[in-house]
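Here the structure is laid out as C-alpha cells; the discussion comes afterwards.
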Amino acid sequence: MNQFWEQIVTGGLAVFLSLGLDLPSRALTINVTYDSSVTELANAAQVESAFNTAAQTIQNLYTNSSSLNITCYWGNAWPYGSVSLGASDTTAYGPFSYAQLTNALRSTRTTIADSNSVASLPAVDPIANNQWDIPRAEIKALGLANLIGGTANDTVNDGDIGFANDTYTFDPTNRAVAGKFDFIGVAEHEITEVMGRMTFNLSGTFVPYDLFRFTNGVRSFDPNSTNVYFSVDKGVTALKFFNTNGNGGDIQDWASSALPDSYDAFCSAGEKLFLSSADLTSVDILGYALSYLPPRLAGVKPGSGSFQLSFTNIPSTTYTVLATTNISLSVSNWTSLGTATDSIPGQFQFTDSHATNALRFYRLRLN
C-alpha cells in the first residue's frame, strides 16, 4: 500500500496538489480501564496520557462501528506471568467454520488490500479441520458478535495489556530518548494485538491472521518455519518478514529492520517506533476499516539551495521523500531523499538541502 502526495517546484516557486481530506467522524471506539497498578503510580497521569495518545492514533486509523475494551496493568500486577516491556492477552472464541470466517472477511472489505487479501484465500479450508478461533475484538469488527452473545459496542473486556516496570519516555513530542523505551510505540503494538494481530499457532490453534503467512510463495502454518513473511496477494509480495520462532518474542510480530517499527518483535531504548504501511494493512485485512488518507500540505519554505516541505497526517506514521527532475520516470527510478517523521504529533517536516532552481518533483511514500 503506497500512498503518494505530489508537489511541483520550479524557480523557488511551487504549484501544489494536495490530496488531503478531513478524517471521517466515525471511528473505532477504544475504551480503556486502568488497573490500580497504573492509577496508583506516581506518574499515572503521564502513563495514561501516553496510552490515550496511542489509542487515539489507532482510533483515527480505523472506522469500524465497534468498541475495543482494554484493561491496562503495570509491572507485577499483570496477571498472566512476567512482562518483557509490553504484553497482551485476549480471549478467542470458536470454533468458526472456514466459510463463516471468509464470508465475514469478504463482507467487511473496504480497501484494495482487503479485496486482494480475500481474493488470495484458498477456496477450501487450508488447515483441513474447518475450525477457526477469532479474537473477541475482531469478532465484533467482523459483525459476528451475536454468535457469542455480544454486540458490536458491548462493554465486555476484549483484552488486557501489561507494561513492565521499565524506563519509558511518555512525551509524544520526544519519543527517542537515550536509555528510555518509546511507550507510545509499545502501546500501539499491544493494542493491535488485542485487535487480532496475533496468533495461537504455537499451540496448534489458528486465527485469521495466520492466513497471511507465507514462505517462498506458499502459505505457511508451521510456527517453526523460517523466512516467513506477511502477504495479501498469495505470497507474491512480501510486505514484512515475521519474527522467527526461537529468536524470542512473538512469531506474529515483525523481524527487526532498518527503521524501528511499532510492530517489531524487539525494540531498543533510545529509538522512536513508527507505524508503516504494512502495519496499517495488517490490521486492515482482519476486518477493520482503514481510513488512512493522504497527507495534507501545511506549508513550504524555499531557501538558498534548500526546500522545506511541511505536511500533516496521522501521528506515528513515517514517510520516505522521493524526488526527480523527470516526472515521466517510473516511481522506482525516483531518488530517495530521506525520511520525514513527526517531531510534533501529526506535523511533519522534511528539508531537501540539495534543491536547485530547476524543475523538481516530490512524492511522499508511506513506509
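Coordinate-derived values only; no laboratory data. Note that this is a predicted model, so its numbers are computed, not measured. Heads up, the Cβs are rebuilt from the backbone with ideal geometry, glycines too, and the neighbour counts pull from every protein chain shown.
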Inset, instruction - Bin all alpha-carbon pair distances of region 170-260 at 5 Å intervals from 0 and give each bin's fraction as a whole percent. - result: 2, 13, 21, 22, 17, 11, 7, 5, 1
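Given the convex hull of the Cα atoms of region 55-142, what is a quarter of its surface area in nm²? Intermediate values should be presented prior to the final figure.
Details: hull surface 30.6 nm².
Average of the hull's projected areas for region 55-142 equals 7.6 nm².
Can you give the charge dipole size of the chain about its Cα centre, rounded to the nearest 20 debye, using +1 on the beta carbon of Lys and Arg and -1 on the beta carbon of Asp and Glu? Can you show the working numbers first?
Numbers: 18 positive and 31 negative charges, 245 e Å.
Here the size comes out at about 1180 debye.
What dipole magnitude, in Debye to the nearest 20, does region 53-142 give about its Cα centre under +1 on Lys/Arg Cβ and -1 on Asp/Glu Cβ?
On the way: 4 positive and 5 negative charges, 37 e Å.
Taking the Cα centre of region 53-142 as origin, the dipole is about 180 debye.
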Inset, instruction - Run the quick spin-label model on Val236 and Ser306: label points 7 Å from Cα toward the beta carbon, then report their separation in nm to one decimal. - result: 4.3 nm
Inset, instruction - Report the extension gain between Ser257 and Ser328 in nm, rounded to one decimal, defined as 0.36 nm multiplied by the number of residues separating them, less their alpha carbon distance. - result: 22.4 nm
Inset, instruction - Please work out the Kirkwood hydrodynamic radius for region 267-313, using every pair of different C-alpha atoms, and report it in angstroms with one decimal place. - result: 13.9 Å
Legend entry - Charge-dipole axis of region 29-284 as Lys and Arg at +1 and Asp and Glu at -1 on Cβ define it, positive-most pick from Ser66, Thr108, Val186: Thr108
Inset, instruction - Report, in whole Å, the centroid distance computed from the Cα atoms of region 228-288 and region 125-143. - result: 21 Å
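Over every pair of different alpha-carbon atoms in region 226-283, take the mean of 1/r and invert it; report that Kirkwood radius in Å. Present the calculation step by step, with values, prior to reporting the outcome.
Values: mean 1/r = 0.0847 Å⁻¹.
For region 226-283, inverting the mean 1/r across all distinct Cα pairs yields 11.8 Å.
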Legend entry - For the chain, the fraction of alpha-carbon pairs in successive 20 Å shells from zero, as %: 28, 57, 15, 0
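Per residue, how much space in cubic angstrom lies within the convex hull of the C-alpha atoms of region 106-224?
Working: hull volume 22.9 nm³, N = 119.
Dividing the Cα hull volume of region 106-224 by its residues yields 192 Å³.
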Legend entry - Peptides ranked, highest mean first, by Cβ atoms within 10 Å: ranges 326-339, 148-161: 148-161, 326-339
Legend entry - Reciprocal of mean inverse Cα separation for region 243-329 (Kirkwood radius, Å): 16.0 Å
